[in-house]
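Inspection log for the structure reproduced underneath, given as structure tokens.
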Amino acid sequence: FTKRKLDDATLEELEDLLIQADLGVKTAAKLTANLARERFDKEVTSEEVRQAFADDIAEILTPVALPLAIDPALKPHVVLVVGVNGTGKTTTIGKLAKQFRDQKKKVVLAAGDTFRAAAVEQLKIWGERTGCPVIAGPENCDAASLAFDALKQAKADGADVLLIDTAGRLHNKAALMDELKKVIRVIAKMDPAAPHSTVLVLDATTGQNAHAQVETFRSMVNVTGLVMTKLDGTARGGVVVALADAFGLPVHAVGVGEGADDLRPFDANAFARNLMGLE
Amino acid sequence: MFDGLTGKLGDVFERLKRRGALSESDVQAAMREVRVALLEADVALPVVKDFIAQATERAIGKEVLRSVTPGQMVVKIVHDTLVEMLGSEPEPVDLNAPAPVPILMVGLQGSGKTTTTGKLARRLTQRDKKKVLMASLDVYRPAAQEQLRILGEQTGVATLPVVKGEQPVSIAKRAMTVGRLQGYDVVMLDTAGRLHIDEALMAEVAAIRETVDPHEVLLVVDAMTGQDAVNVARTFKERVGVTGIVMTRVDGDARGGAALSMRGVTGCPIKLMGVGEKMDALEDFHPQRIAGRILGM
Ligand SMILES: Nc1nc2c(ncn2[C@@H]2O[C@H](COP(=O)(O)OP(=O)(O)OP(=O)(O)O)[C@@H](O)[C@H]2O)c(=O)[nH]1
Ligand SMILES: Nc1nc2c(ncn2[C@@H]2O[C@H](COP(=O)(O)OP(=O)(O)OP(=O)(O)O)[C@@H](O)[C@H]2O)c(=O)[nH]1
Ligand SMILES: [K+]
Ligand SMILES: [Mg+2]
Ligand SMILES: [Mg+2]
């Protein structure tokens, strides 16, 4: 590698790289300024600079790289899965179910998306694939009462985990967000601490709107952690760096495909290196 | 989050206190704010650079009208350039071909293809009095074919009966045959979501395209898409010959810069917008509205 002085032109190129990975203008500028302070005018290779960036980013991400821990005492640990339309909620539930089943846990799925065409059938297929019972109601039934029934059933069965699917909803739609609050209110009648985890599913192809998604879902339904899907594409999901900085919410896992096994722990170092185009 | 470009540019010119014609340095100072605004709206960086170059060229030397401030003047130039780049003339879905007219829906996973297929079929049926057949070529996503069947039931649009185990290219062929034999005007083909870098699935959709020679290939994209929009649009255009773009989830609060990114790299018109989950939530593309949104105005 050829060394060259870290000058303004090089810094701008690097800042562009961060912007193109969806880190956002502010975060990209902040990281670039940090680097400039440390190394400006020093002889560095492009590889070294990228590595330095990756290290800075990994430092931000390491504290949030926390798996979804299931409390064995809860029976069931209730996980509510939420997010805007099409991010991968139902698929992520299927993948989580597979992981928990592999750990010999007893898992029940609740088909809480009572709105979208064939959402229930979709979850039922995931139930079959992973060997988990799926609690579903009649067409267009109330999502909150379905969740309540599912919790009752999961308790009766002595399940370790109850994964509740919900309909995709845009965070700026107050009525839909109220519906989600109602789901939480109703299940809390049976178990005041439930849901024990509320996981927001984000799509890695999403740009800066992810901020608004996290902000709103967090304030309305007390999100406890994130899953980022579709990282098998070319989108790098850099917005998660700014999110970690701003909210510090755990990132439980990342989705890297459509299959049952395509869920990985969130690895701060690997993620940061991938952002910087380092293999 | 964003105070509006007009305000920010107002500040820039306040500092400059210039009058008369827009000088090069005035414009460049203003364009730095425009650049940030576009990036915050998720316009992809290469497209931002092109756009800034164009708008800068237009703005330098322009006489500032007495009735406006230099800031407002630049905003107007930027806005007009943006509307132009987004496509000032509406381009409807084109059905000017021998029946049955095949329309192929493509895009990334979860972008809204199946829902948009239902919406467009409903519109063509109810508004344009066309006889439409929908077929799902998605043999991968759990219950995808069932999803389209239900949407057909909800909208009163016919769907091709599902034959278990049949593969996408054969389904497409059968849909066209049924379309021909049963006198349909339009055959809408919904495909599985796929990544633009998934070689096998991109080859599959290319084969579908070869088989049916679609009159329209609509790339369905989420309005929330970030910088990756350019990679997606470019690859789909190269591999399947996109003829138009549909932007979904415009009912959200995303600034929608992906519209400019995709239009910029493909030159394809944005034909429709999805503005909700219900089957009537489909609108023609409004460049003015999206331009205002991208600029945060
Ligand atoms: N490539 C890829 N595709 C994914 C991933 N996760 C989910 N998908 C796909 O994304 C699409 C949408 O996934 P769903 O699980 O239905 O999303 P959802 O959030 O439940 O959608 P709604 O319920 O309609 O809001 C499907 O085609 C999934 O197969 C992932 O990690 N990578
Ligand atoms: N709010 C809103 N939701 C939409 C819009 N278009 C689609 N959706 C929702 O987005 C989610 C995904 O839509 P689908 O039509 O299943 O997406 P798809 O592209 O067919 O997904 P795959 O087949 O898995 O790739 C569903 O929850 C839809 O209801 C829209 O314009 N606005
Ligand atoms: K999406
Ligand atoms: Mg779902
Ligand atoms: Mg679909």
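Evaluate the following for residue A:221: is it more than 14 Å from every other protein chain (Cβ to nearest Cβ) and within 14 Å of ligand 1 (Cβ to nearest atom)?
Details: more than 14 Å from every other protein chain (Cβ to nearest Cβ): yes; within 14 Å of ligand 1 (Cβ to nearest atom): no.
No, not satisfied.
Residues satisfying the criterion are absent from the range A:63-82 (criterion: within 12 Å of another protein chain (Cβ to nearest Cβ), surrounded by fewer than 22 Cβ atoms within 10 Å (Cβ to Cβ) and not hydroxyl-bearing (Ser, Thr, Tyr)).
Tallying residues that are crowded, with 22+ Cβ neighbours inside 10 Å, among the hydrophobic types (A, V, I, L, M, F, W, C) and within 14 Å of chain A (Cβ to nearest Cβ) within the range B:40-69 yields 5.
Residues are listed down the side, and each one gets a yes or a no for (1) surrounded by fewer than 22 Cβ atoms within 10 Å (Cβ to Cβ); (2) within 16 Å of residue A:117 (Cα to Cα); (3) within 16 Å of ligand 2 (Cβ to nearest atom); (4) of a type in the set (A, V, I, L, M):
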{"residue": "B:71", "(1), (2), (3), (4)": "no, no, no, no"}
{"residue": "B:108", "(1), (2), (3), (4)": "no, no, yes, yes"}
{"residue": "B:125", "(1), (2), (3), (4)": "yes, no, no, no"}
{"residue": "B:140", "(1), (2), (3), (4)": "yes, no, yes, no"}
{"residue": "B:147", "(1), (2), (3), (4)": "no, yes, yes, no"}
{"residue": "B:152", "(1), (2), (3), (4)": "no, yes, yes, no"}
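Residue-by-condition table, conditions (1) surrounded by fewer than 19 Cβ atoms within 10 Å (Cβ to Cβ); (2) assigned to a loop (DSSP other than H, G, I, E, B); (3) under 14 Å from the mean Cα position of the chain (by Cα); (4) within 14 Å of chain A (Cβ to nearest Cβ):
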{"site": "B:217", "(1), (2), (3), (4)": "no, no, yes, no"}
{"site": "B:220", "(1), (2), (3), (4)": "no, no, yes, yes"}
{"site": "B:227", "(1), (2), (3), (4)": "no, yes, no, yes"}
{"site": "B:236", "(1), (2), (3), (4)": "no, no, yes, yes"}
{"site": "B:245", "(1), (2), (3), (4)": "no, no, yes, no"}
{"site": "B:280", "(1), (2), (3), (4)": "yes, yes, no, no"}
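Each residue in the range A:201-218 was checked for being of a type outside the set (Phe, Trp, Tyr), more than 7 Å from chain B (Cβ to nearest Cβ) and away from ligand 3 (no atom under 14 Å from the Cβ), and 5 of them qualify. Among the residues of the range B:99-127, the one identified as of a type in the set (Ser, Thr, Tyr) and over 19 Å from residue B:221 (Cβ atoms) is B:125.
Out of curiosity, is residue A:87 in a loop (DSSP other than H, G, I, E, B) and closer than 30 Å to residue A:14 by Cα?
Working: in a loop (DSSP other than H, G, I, E, B): yes; closer than 30 Å to residue A:14 by Cα: yes.
Taking the combined requirement at face value, the residue satisfies it.
The sole residue among A:189, A:173, A:155 that is more than 16 Å from ligand 1 (Cβ to nearest atom), free of Cβ contacts under 8 Å to residues at least 60 places away in the same chain, basic (Lys, Arg) and surrounded by fewer than 22 Cβ atoms within 10 Å (Cβ to Cβ) is A:189. Every condition in (1) within 14 Å of chain A (Cβ to nearest Cβ); (2) part of a helix (DSSP H, G or I); (3) within 30 Å of residue B:211 (Cβ to Cβ) is met by residue B:139 except one, and the failing one is (2).
Each value in this text was obtained by applying a stated rule to the coordinates, not by laboratory testing. For clarity, every value in this text was computed on a predicted model and none was experimentally measured. We place every Cβ from the backbone using ideal geometry, glycine too, and count neighbours over all the protein chains shown.
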